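Peer 1: So that we are looking at the same thing, I have put the structure below in structure tokens.
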Amino acid sequence: MSQPPTPKSSRSSLNPEQLKQLRAELKSPYRGLRQFFYIAFAGSAFVGAVVFFFQLLAGKEITTTLPNFALQVGVLSLMLWLLWLERSRNRA
């Protein structure tokens, strides 16, 4: 029967780059997934903002279009801010 590897022996089997990646993942789990969602939602909000902006230019139902446009711009700015926070936290 073989014994499970001790922490000292498992450490030696990983190269320094792999250890660095594992430590980064421990500090901020699911970072890539969060960034993917921030970018996807920002892209969706950008498309929505462009659509509502052109509806505003056309003068189409301003009472409903303006709040929708403001919502899209708000979501876009929120997602960009969260993405900026995520990236700046990683650099520090």
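What follows draws every value from the coordinates through simple rules; no lab data is involved. Since the structure is predicted, the reported quantities are computational estimates derived from the model, not experimental observations. Cβ coordinates were reconstructed from backbone atoms using ideal geometry, including for glycine residues, and neighbour counts include every protein chain displayed.
Peer 1: How much FRET efficiency would the formula 1/(1 + (r/R0)^6) give for TYR30 and LEU56, where r is the Cβ-Cβ distance and R0 is 35 Å, rounded to 0.05?
Peer 2: Step by step, r from the Cβ atoms, then E = 0.40.
Peer 1: Another question about this same structure. So how do 74-82, 33-41 stack up, highest first, on mean other-Cβ count within 10 Å?
Peer 2: Top of the packing list down: 74-82, 33-41.
Peer 1: At most 12 other Cβ atoms within 10 Å and a DSSP loop assignment: could you name the GluC sites (Glu not before Pro) in region 9-92 that fit?
Peer 2: Filter output for region 9-92: GLU61.
Peer 1: Something else now. Scaled to the compact-protein estimate 2.2 N^0.38 Å, what is the alpha-carbon radius of gyration of region 7-92, rounded to two decimal places?
Peer 2: It is 1.72.
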